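Q: Sharing a structure, written as structure tokens. Questions coming.
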Amino acid sequence: MAFHFFLQALFFFSGLLCLLAAAADWEWFFTTESSRSFYRFYTSVRRLCLRRRGKSVSHAAPSRRTLRLIYAVGGVLLMSLAVWFFWLTCRAFAYTPPFF
């Protein structure tokens, strides 16, 4: 059962990191290779959608503000999932944490 709690904590702190990076606009976070690959993926999907609609693709690159919003929403979702999984795990194992 400790492994479940470890994974839930990992989810929660990953979401917290994403949320804090988006709120503080950390330069080091948005210039990492994983952020750049997400940026390229988002740009290619947006270009594909714009081409299908017959619009110009010159403005397909997302702004920094858009990326920050996406990371903030993703962080909130990760933290919410961690709390929900924690609640389900406690219910499944009939475990009452000491802080409830």
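We did not get these values from a lab; they are worked out from the coordinates using the rules stated. Here the structure is a predicted model, which is why all the values come from computation and not from measurement. When we count neighbours, we look across all protein chains shown, and the Cβ atoms used for this are built from the backbone with ideal geometry, even at glycine.
Q: Between Arg91 and Arg51, 0.36 nm times their residue separation minus their Cα-Cα distance comes to what?
A: 9.6 nm
Q: Also, I was wondering about something else. If neighbour count is taken as other Cβ atoms inside 10 Å, put Arg46, Arg40 in order from fewest to most.
A: Result, fewest neighbours first: Arg40, Arg46.
Q: Multiply the residue gap between Leu81 and Ala23 by 0.36 nm, knock off their C-alpha separation, and tell me the result in nm, one decimal place.
A: Length gained, Leu81 through Ala23: 18.9 nm.
Q: If you average the sequence gap of Cα pairs under 8 Å that are 6 or more apart and divide by the length of the chain, what percent do you get for the contact order?
A: Once normalised by length, the contact order is 47 percent.
Q: So what's the Cα pair-distance distribution over the range 41-90, bin width 5 Å, in %?
A: Taking all Cα pairs of the range 41-90, the binned fractions are 4, 19, 16, 14, 13, 10, 10, 7, 4, 2, 0 percent.
Q: Further question on the same structure: Evaluate 2.2 N^0.38 Å with N set to the residue count of the chain, then give the Cα radius of gyration divided by it.
A: Scaled against compact globular proteins, the figure is 1.43.
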